[in-house]
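*Asks:* The structure that follows is given in the form of structure tokens.
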Amino acid sequence: MYLSCLLIAVGDNPDRERPGRRWLRNLYHVHQRLCLAFPSITRRNNDTDFLKPFDCEDFFTGNVHTERGAAVGFLFRIDPRPGGGAVILVQSADKPDWEYAFGLKKDAVNGRGRPIGNAGYLLAAPPQVKLYNPFFANGHRLQFRLVANPVKTINDENGRQNAKGEVKKCRVPLVDDEAQRAWLGRKLESAASIESLIVDNKMPLYFRKRKEDRSGKIQPVMFHGILRVQNADSFQEVIRHGIGPAKAFGCGLLSIARA
């Protein structure tokens, strides 16, 4: 796996509008741009400088609408930085090509050290990428951070049916602190035990699915605390696959460090 760090150019004054700040407000656009770092072999070979029109099939195969794992897909999270800055962490199965995604000119920066390219203005510094293959053993005690979307599944309130004539299932956010903690415990129960946990609710995210003619809400939650690895193999799979739904909205990436 690979771990990337993208420092976003949000400016020094929070009251002054910046392209990077606007970009971060639309997680759909953030996810689209991140997907561009994983072009298909055909796209890379036939359009080395990304001059042809965008076609989602040239990028999304293997990264979107598929189960994340050791061979495909990526997870990301937007973390705030002191002073109002922001960084995007990206964990990916394949090595990302950020120069392609942001149209960057190789090794070129402006007078302030920012990358030059057709979307280089979104970045405050060149992207950092490193191999990421953590090792775990049973009993390891780890600090963790996770932005997740705790949900429960209910029947569609309007009684709409699927192709089989069954009532559709819908996900609704869990907003109670105790329910959120229990949800995380269930997600980790085969891999790790939680020793301490702090739960911070974040601002809700609203979305609309035009094809289904419905709107929805995601209630992201920041979990952080201490856990102990109970089953190293299972925990490795949790790291690779991520936790919970809404991964395209920056949820699911479990970050860890030695406690």
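*Asks:* Could you give me the residue pairs with C-beta distances under 7 Å whose first residue belongs to the stretch 1-24 and is more than 13 Å from G84 (Cβ to Cβ) and charged (D, E, K, R), whose second residue is at pLDDT below 80 and open to solvent by 50 Å² or more (accessible area, probe 1.4 Å) wherever it lies, and which are 6+ apart or on separate chains?
*Replies:* none
*Asks:* Just to verify a result, which residue in the stretch 99-113, among those that are open to solvent by less than 60 Å² (accessible area, probe 1.4 Å) and closer than 19 Å to R18 by Cβ, is modelled with the lowest pLDDT?
*Replies:* Ranking the qualifying residues of the stretch 99-113, first place goes to G113.
*Asks:* When only residues in the stretch 222-234 that are open to solvent by less than 20 Å² (accessible area, probe 1.4 Å) and closer than 19 Å to R77 by Cα count, which is farthest from the chain's Cα centre (by Cα)?
*Replies:* So, considering only residues that are open to solvent by less than 20 Å² (accessible area, probe 1.4 Å) and closer than 19 Å to R77 by Cα, the one farthest from the chain's Cα centre (by Cα) is G225.
*Asks:* Can you confirm whether A232 is more than 14 Å from F144 (Cα to Cα) and at pLDDT 95 or above?
*Replies:* Criteria met by A232.
*Asks:* Continuing with this model, one more query. Need pairs with beta-carbon distance below 6 Å; first residue under 11 Å from L142 (Cβ atoms) and within the stretch 188-199, second open to solvent by less than 60 Å² (accessible area, probe 1.4 Å) and part of a strand (DSSP E or B); sequence gap 6+ or separate chains.
*Replies:* Within 6 Å, the pairs are A192/L227; A192/V229; I194/L227; E195/I226.
*Asks:* Related question: Determine the pairs where a residue that is at positive phi, located within the stretch 123-149, has a partner that is modelled with pLDDT of 95 or more and surrounded by fewer than 18 Cβ atoms within 10 Å (Cβ to Cβ) with Cβ atoms under 7 Å apart, the partner being 6 or more residues away or on another chain.
*Replies:* Cβ pairs passing all conditions: G139/R228.
*Asks:* Of all residues in the stretch 174-218 being among the polar types (S, T, N, Q) and modelled with pLDDT of 85 or more, which is least open to solvent (accessible area, probe 1.4 Å)?
*Replies:* Q180
*Asks:* So, in the stretch 130-147, of the ones that are of a type in the set (A, V, I, L, M, F, W, C) and touching a helix residue (DSSP H, G or I) at 6+ places or on another chain (Cβ under 7 Å), which residue ends up most open to solvent (accessible area, probe 1.4 Å)?
*Replies:* A137
The values are calculated or read from the model by the stated rules, or taken from the named source; none is laboratory data. Keep in mind it's a predicted model, so treat the numbers as computed, not measured. Please note: Cβ atoms are built from the backbone with ideal geometry, for glycine as well, and neighbour counts cover all protein chains shown. For the accessible areas, the whole protein counts, side chains as well, though only heavy atoms, and no ligand, DNA or RNA atoms are used. Shrake-Rupley method; radii C 1.70, N 1.55, O 1.52, S 1.80 Å.
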